[in-house]
1. Based on this model, can you work out whether residue 26 counts as among the hydroxyl-bearing types (Ser, Thr, Tyr) and either in contact (Cβ under 8 Å) with a residue 40 or more places away in the chain or touching a His at 6+ places or on another chain (Cβ under 9 Å) (or both)?
2. Within region 37-67, which residues are assigned to a helix (DSSP H, G or I) and among the aliphatic types (A, V, I, L, M)?
3. Please tell me if residue 9 is under 12 Å from the mean Cα position of the chain (by Cα) and at pLDDT 90 or above.
Amino acid sequence: MLTPPSSDCPLLTQMVGGCIRDCCISQAQYQALSALVLADGVVSEQERRQINRLFDAIQTGRVKIVD
């Protein structure tokens, strides 16, 4: 089930959605996501939900990690 876009973290939502849509995440995308989430030193509830959404997709095989 897809989580609706959040106005709290639209760029993160867009990036996670793109990885899920493309069925893969690259090392560069991983680094960009990490930098975005950790930029302010705090992980909000909305950010946590998006991270969990991506991890769930990876764990269920819907998203592959590529080099």
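The values are calculated or read from the model by the stated rules, or taken from the named source; none is laboratory data. This structure is a prediction, so every number in the text was calculated from the model and none was measured. Neighbour counts run over all protein chains shown; Cβ positions are idealised from the backbone, glycine included.
1. So residue 26 fits the description; yes.
2. Residues of region 37-67 that are assigned to a helix (DSSP H, G or I), as a first pass: 37-38, 45-59.
Listed by number, the residues that qualify are 37, 38, 51, 54, 57, 58.
3. No; evaluated as a whole, the condition is false for this residue.
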